[in-house]
Structure formats: structure tokens, C-alpha cells
Amino acid sequence: MGRSVVGKRSGKAFRTWLRVWLPPLLGAVLFAAALWVLHRELRAIHYRNVRQAFQALPTVQVLWTLLFAVANYLVLTSYDQLAFVYTGKRLGVWRVTLTSFVSYAVSNSVGLALLSGTSVRQRFYSRWKVDTADLSRIVVFNSTTYWVGLLALGGWSLIAHPGTYVLGGLVQGTARLLGGILVLCVLGYLVLAGMRVGALRVRGFELRMPSLPLALGQLAVSVADWALAAAVLHALLPADGPSYGVVLGAFLAAQLLGLASNVPGGLGVFEGTVVALLRSSLPTDRLLAALLLYRVVYYILPLTAALLILLADEVHSRRAQLRRVGSSLSAYSVLLAPRVLAVFTFLAGVLLLVSGATPAKHARLHWMARVLPLGLFEASHFLGSITGVGLLVLAQAVSRRLRVAYHLVLAALLAGAATALLKAADWEEATVLSLLFLAFLPSRSFFDRRAALSETRFSPGWILAIVGALGASVWLGIFAFRHVEYSNSLWWQVALDQDAPRFLRASVGAAVALLGFAVWRLLRLSRHVTEPPSDGDLADAQQIIATQAATVPWLVYLRDKALLFNADRTAFVMYGVHGRTWVALGDPVGPPEAAPELIRAFLERADDFGGCPVFYQVHPAHLHRYADLGMTFAKLGEEARVPLDDFSLEGSRYRELRQALSRLERETVGFRVVQGEEVVSLMPQLQAVSDDWLARKSVSEKGFSLGFFDPDYLSRLPVAVLERENEVVAFANLLPSPDGGELSVDLMRFSAAAPPCVMDGLFARVFVWGQAQGYHWFSLGMAPLSGLEPSPVASWWTRLGRFVYRHGEPFYNFAGLRSYKDKFHPVWEPRYLAYPGGLALPVVLADIAALSAGGYARIFR
């Protein structure tokens, strides 16, 4: 059995490793392969040749390129126009066009189109009354449109130009066969659209096939999109270069590999693939010059325009004081602007590294040497590369909206612009960095997180991106100075015309700076330790709790959970950490409008430390807040709530409770509710009853979602006691909601001297007392795994939970607990677990159980 457990753990660890590391590793492999291809193809090319080819591009070709790019982005907006026809929604053409343009400009460069593009659409469409269901249909429809055209053009290219991809007659035949299959897939889609097949249901989400005219519109728009995108590149190639059909085939193959690599914009992978496929049709230096300008025209310029639109929209929103309370995903989409700024910060770092790895313009150097010392040029060149590495690292902090990152990036951009001017009067580079500086200035409100740089986790993707950018700049420097014969003396040569030594020193300095940061991170890296709330925290929490209708927040006085407040300290989340699982107990406590911000803050805080954030026992009315942030749900069970307004012990319904009360009266057991100093005076008796109960039940104290005996906790709340001859035989601490709506209990314990019916009698007395005090509901707590109904489409968790509920009696009295609470005739309400999804649920549930029990070893003790 030991080997079986080890094998399961190993298999689980391997699956986790694959899920976390396989996508970035695949991207790294494709990126490295692309760099190898570029390195091999450019061995005979001098950097000066590429620069000359770039400068030799005719103005007419550049204008045609800009025209095709504008036309392509206009066609891209037709994706959303068709999607609105599909959903039946009506929205102004200009609104759809603006939103679609910003969405595609961002997703093309940032990558993760489903996340970045959807966030943009939600930001704009939500304010124009497009609900989440229709937004999901728009995203799915657009994805289908995207692939229909890609398959159609890809199939045609494989049939018409198989030589672009492969060599040899037999292999070309296989390429044509594959092209035919792709075309048949598109035809099959059109046939299904014409047949008007029924709607497809996926976990309650309904998707219907578009009509045949709409499907033909999808095909036309997508084909035009891909054709124009390839035309942007083809317009930059010389007239005697490859035909448009050949370029289209290479373009489609490069885009597919770029998508598979998960590298933002397919950077490097796209260029390497195009060079590999078109090297026989065009000189490599001219091809590389075209690719560089293509990257600027098709990616950087639209992304810049999208960033300006987002910033203008944010300024306009704040000026107009638009409050979109309840649209929490729209609030979450505010994260988009920092992500775009992070991309530009990263690109600014790459720009400084590339500048340090390539030769300066000697005419400018000699002009500046008349007034400035040589040492200033050398220092500026060296510091510019180090600043570039700093911007690469800070880009991650910018994406996480850290306040310290905002100030550091501003300083780094100013420093980068200064070094660009001082090292070679590179005013173009300084202008780009200064424009980014100006774009950052009005965005200070985005950076509202006070976490330190050492508290944020670098994902595998970020690590590979930073190392890849530095490695690419070093490779570019080696390519630029391949004509310089290496010798040890190069490191010490200092002169205006000695670009290669400056590159060597700057590259080593950048590498050492990055290594130093990595060592600092390793030394500072520590696991998150949950600190119990201070007296000041509890005082603030008490003011918040006083306005709430729930009883769960009273558990904050156990001091076994950490508190995360919002910026105004008007709401909080109480949470615990076990392993990698961060568990928030219940929904955020505070006004409803503060919930989206707190949920997002908790998710970010957990992500900073590589944790898995979950919300435990959330109310169904709040599920949309978690769904808006991409979380999924699992039903934990149902909570029993007894309505007190019409509660009565008369009649046959509560016969057992009347019998229990009669038994207590015969044995002269009295009932009262004590508070404050009376609880303190009874504390020794309560302690004795609790110790006796724990000993007889052979159980230990729990925690987190369950109370434990703590004098400070008990003295803050009312306690219901049953006494015989002034001796406490049973007690229950009461949790009253501050608004007077709900009453609940936490600890219920009785001594060996108590009558057999003591629990039923205590419940009956508390029901009557609560009704007299004006409470409307009494919560009996949750019955775990109850209410999980079987169905043909039930998830694996629902099936497993129902099986455990029916057959897990040796471990926990699931059905018995539900049956006991049923005799009080409650109303059952579902409670859920909100978690990130995937295969994490079993580990999450185990960690929650361990958090409540005090460790894995005590779960079954």
C-alpha cells in the first residue's frame, strides 16, 4: 500500500509539473529553435547589411504596408459585428468597432487572447448592457471565425504551394492531402450550418450553430483577415521576391507556430519560421529588415493606439464618476491597462539591451566627443544595459500593480532616456522611453498594491521571458560583431570606435545584475506566515461586523485566521493557509460594493506566494462575483435554516422537542442566556463541561470554520446554559447577527450529568428565546455533501460527493447529520466552494480539512 500511495503522489506531482511547466517549456523550445534558425541563416550576414536593407525600403512600400494594416484591423472589427448578429443583440457600429479594435490590438501583442481580449470586451460591452452569457457566445463565435478562415487558407496553401512547407514529390503529395482535409473541415462546418443542427449544451451553457449565410460571412471575414495580414508582410518584400501565395503559406505556418509557443505575439518564433521557409526566395538581410518593420507596423503601433484609448477611457470614466457597482468583472478588467503597460515596460527593457548590443552611429559619437569625456560614453553604455535588465524585471511587478513598481519604472525610464542620449545621442530611443514615461504618469491610480518586490512570485513564463530577452540581446550582439576577432584584450579596450568591447562589458554587467537579483530573491524568499489579527484589527473588524446580517464573521474572534482588509478598511476577508491552499472563510465581510476589490486582492495575494486561493462556504447569491474573476464552483452541501417567525412547539411537528422540554422540567434543569461578566464568572464551569465532553467523545478541538473553547472568544458573545442546582450541565455559545435577522450556535457541549435529551431541549429553548428576541432565522449549520443530485451530466465531483455521502458512514455521519437536522424542519440552502478549477479540488478539500482539524494527522483522530 505504501508504494501505491507513493505512486499516486508521484503521478499527481508529475501531472502538476506538466500543467505548470509544459506550456512555457514548449514555448521556450520553439523560441530557442527559432533563434537557432535565425543564427544559422544569418551567419553570413553582417548587421550593417540589415540596417542598410531597412533604410533602403521604399516609402511607397511602407505606405502600402500601413494601408494594408489599417484595412486588416478594420476587417478584424467585423468579427464582433458578425458575433452581434449571431447573438441577436443590437449595439452601435462605432462601439463594436472601437471595442473590437482595442481587443485585437491588445491580444495580438500581449497573447492569451481569451484572457486579454475578453477583458477588453467586458470592460466596454458590460457598460452597454451585454451580459456574461452573450459575451461568452461572442468569444466562442469569434474563435470559430478565426479558425474557419485559417483552415480554409491553410488548406488552399497546402494544395497550391506545397513546396513552401516540404520538399520531395511524395511529401508534397502528403501536404496536398492534408490541405484537402482542412478544406473538407471547413465545408463540413458550412454543411452543419446549412442543416441547422440543434444547439450544443456544455455544462448548462448553450451554443447554437449559426445560419448558413452567417457561416459564409464568417468564412469571408476570416479569409479577408488572414489574407490582409499576410499582405502587410508581402508589401514590405521587394518586387522580385516570392509570390503572394508563397508568402501567405509561410505566414500561416509561422502564425500557427507562434500560437503554439505561447510567446506574446509569437516574438522570435514567427520571424524564425518565416526566415526558414522563405530563405531560398529572398536575401536574408532584406527579409529580416521586412520582418522588423512588420513587427512595428502590425503589432507595436496598434498596441500603442490601444493603450492610449484605454488610458483615455479610464480618465473619462473617472471624470464622469461612473460607478458600475455589481459589474465586478468590469472592475477586474482595470487590470488590463497595467498588463499593457507591463508589455511596454518589457519592450523598453529589450530596447535598451538591443541598443547596448548593437554598434552606435560613429558620426554622432565623434560629434559628442568634442564636448563630453570618453568615460561618460562608456558609463552610459554600461548603465543603459543594466537599466534594461531592471525594466525586464520590473515588468512583472507592473503587471501585478505594485505601487513601488510605478515609481521604480518612472525612474528607470528617465535613466534609460538619459543613457540613450549620453552614449550616442540616440534621440530616437530617448523619445520612445520618454513617451512611455508620459504614458505611465496618469496611470498611478492603477498601482494600488503595497506589496514588496520580494513578495511576488515569478512564474515560469516570466523567468523564461526575461532570460530569453537577455539571451536574444547577447545573440544579437554576437551577430553584429561577428567580424571582430575575439581576444581577452577586448575587455579592456576603451575608445570611441570600440563598439565590441562596450557590448561585452554591458552584456556581462546585465547578466551579473540579473544574477544578483535572482540571488537576492532566493535569500529573501520565504513562505507566507498568517499572522493573527491584532487588537486594532479586531476593533476595525468589529465595526464592520456591526453592519452585517451574517453570523459567520463572529469567528474572527478566535484569532486563528489572518485578516485582509480593503484599502479603506471597510471590509475584510478572514483566511487561513495550509500547504499551497489559501482558504477564505465565507464571502467578504463588508458592504457589497467592496466585495469585488477584496476578492481580487485575495487572489492576487495568494498568487504572489504561489498559492491556490479558494473561498469556502460561499453563498449562492454571490457566485457571480467569483465567476467574474474566472473561478469555478463545487457544491459543498446545504445549510439548514429554521424559520422562527412561525415557529411553535404546538402540534405534532415538534413533539420530540416538547418531550425533551418536559424531561428537563422534571429533572429541574433551568435555562438562561448569559452575557458579558456573567459569562466570565461561569467560565470555570463552562471549561469543566467542555473538558468532560472532549474526553468522553475522544475528540480534539477544531478550528478555522469551527469554534473551539477560548475564554476571550466566549466572553464576547451570549451563551445559552442549562443548569441544575446552579451547576452548568450544558451550554451553547450564540452567534447573533447584528441586524437581528439570524441566530446561530457554534460550540454545543454537555457534561455526563446532563439528561439524555439535553441537546434537543437546548435547541428548543434557544429557538423560543430567539423568536422572543425578534430573530427571523436560526442556522443549524451545514450538512456536508447533502443535496448533490445525480444526473447524466453531473461532474465527477458531484458523483464522488454523492457516493461518499451514501457510503462514507464509517468516516463521517453524513446522512445521519442531515437526518438529525431534518427533524427541525429547516429550509435547506446550498453552500459552495469557489476555487481556480482544474485538478486542484482533491488537494484543496484535504487542506481545508487539515486546516480545521489542525493538521492532516488530526483529521481522523
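Whenever you get a sec, compute what percent of the accessible area on region 661-736 sits on carbon and sulfur atoms (1.4 Å probe). Answer for region 661-736 is 49 percent, counting heavy atoms of protein chains only.
Among LYS561/LYS821; LYS89/LYS129; LYS561/LYS702, which pairs are too far apart, with a Cα-Cα distance over 19 Å? Exceeds cut-off: LYS561/LYS821. Taking Cβ atoms as reference points and 10 Å as the exclusive limit, the residues near GLU639 contribute a net charge of +1, counting Lys and Arg as +1 and Asp and Glu as -1. Per residue, region 478-614 exposes 46 Å² of solvent-accessible protein surface, assessed with a 1.4 angstrom probe and all protein chains in place.
Residues whose amide H falls under 5 Å from that of TYR832, counting only those 5 or more places apart or on a different chain, are GLN617, VAL618, LEU636, with hydrogens built in the peptide plane. Between GLU485 and VAL519, the FRET efficiency estimated from the beta carbon spacing at R0 = 35 angstrom works out to 0.55.
If a paramagnetic tag sat 7 Å from the Cα of LEU706 along the Cα-Cβ line, which residues of region 732-763 would have the backbone N under 13 Å from that point? Flagged as within label range: 746-749. A simple rule links phi to the HN-Hα coupling: the Karplus curve 6.51 cos²θ - 1.76 cosθ + 1.60 with θ = phi - 60°, which for region 710-721 gives 9, x, 5, 5, 5, 6, 7, 10, x, 10, 8, 10 Hz, with x for Gly and Pro.
The share of C-alpha pairs in region 593-751 whose separation exceeds 25 Å stands at 52 percent. Place a label point 7 angstrom from the Cα of ALA752 along the Cα-to-Cβ direction, then list the residues of region 698-727 whose backbone nitrogen is under 15 Å away. Taking a point 7 Å out along Cα→Cβ of ALA752, the residues of region 698-727 whose backbone N falls under 15 Å are 698-699. As a calculated quantity, the FRET efficiency between TRP492 and LEU192 at R0 = 56 Å, using C-beta atoms, amounts to about 0.20.
Entry note: region 371-469 has Rg to Rh equal to 1.02, where both radii use alpha-carbon atoms and Rh is the Kirkwood radius.
Computed from backbone phi with θ = phi - 60° and the Karplus coefficients 6.51, -1.76 and 1.60, the 3J(HN,Hα) list for region 675-689 is 9, x, 5, 5, 5, 5, 5, 8, 4, x, 5, 4, 4, 5, 4 Hz; x is used for glycine and proline. Computed from point charges on the beta carbon alone (+1 for Lys and Arg, -1 for Asp and Glu), the dipole magnitude for region 526-570 about its Cα centre is near 140 Debye. Our coupling estimate for region 123-137, obtained by passing each phi through the Karplus curve with A = 6.51, B = -1.76, C = 1.60 and θ = phi - 60°, is 4, 8, 5, 5, 6, 9, 6, 9, 7, 5, 5, 5, 4, 4, 5 Hz, Gly and Pro reported as x. Rounded, prolate or oblate: which one fits region 671-730, using the alpha carbon gyration tensor with axes a ≥ b ≥ c (rounded when a/c is under 1.5, else prolate when a/b beats b/c, else oblate)? Oblate, since a/c reaches 1.5 and b/c is not below a/b.
Residues whose amide H falls under 5 Å from that of GLY707, counting only those 5 or more places apart or on a different chain, are absent, with hydrogens built in the peptide plane.
How much FRET efficiency would the formula 1/(1 + (r/R0)^6) give for ARG696 and THR132, where r is the Cβ-Cβ distance and R0 is 56 Å, rounded to 0.05?
Given R0 = 56 Å and the Cβ-Cβ separation, E is 0.60.
Accessible surface computed residue by residue for region 228-294, with neighbouring protein chains in place and a 1.4 Å probe, gives 30 Å² per residue. Carbon-plus-sulfur accessible fraction, region 360-495 (probe radius 1.4 Å, protein heavy atoms only): 70%.
Here the simple spin-label model places points 7 Å from the Cα toward Cβ, and for ILE463 and VAL70 these points are separated by 4.6 nm.
Between ASP587 and HIS619, the built amide H atoms are under 5 Å apart, and every one of these is 5 or more places off in sequence or on another chain. The spread of Cα positions in region 496-626, taken along each principal axis and listed from longest to shortest, comes to 75, 28, 26 Å.
Computed over neighbours whose Cβ is under 13 Å from that of GLY217, the net charge equals -2, Lys and Arg +1, Asp and Glu -1.
The values are calculated or read from the model by the stated rules, or taken from the named source; none is laboratory data. These figures come from a predicted structure and were not determined experimentally. Ideal geometry is used to build each Cβ from the backbone, glycine not excepted, and the neighbour counts take in all protein chains shown. Surface accessibility is based on the protein's heavy atoms, side chains included, excluding ligands, DNA and RNA. Shrake-Rupley method; radii C 1.70, N 1.55, O 1.52, S 1.80 Å.
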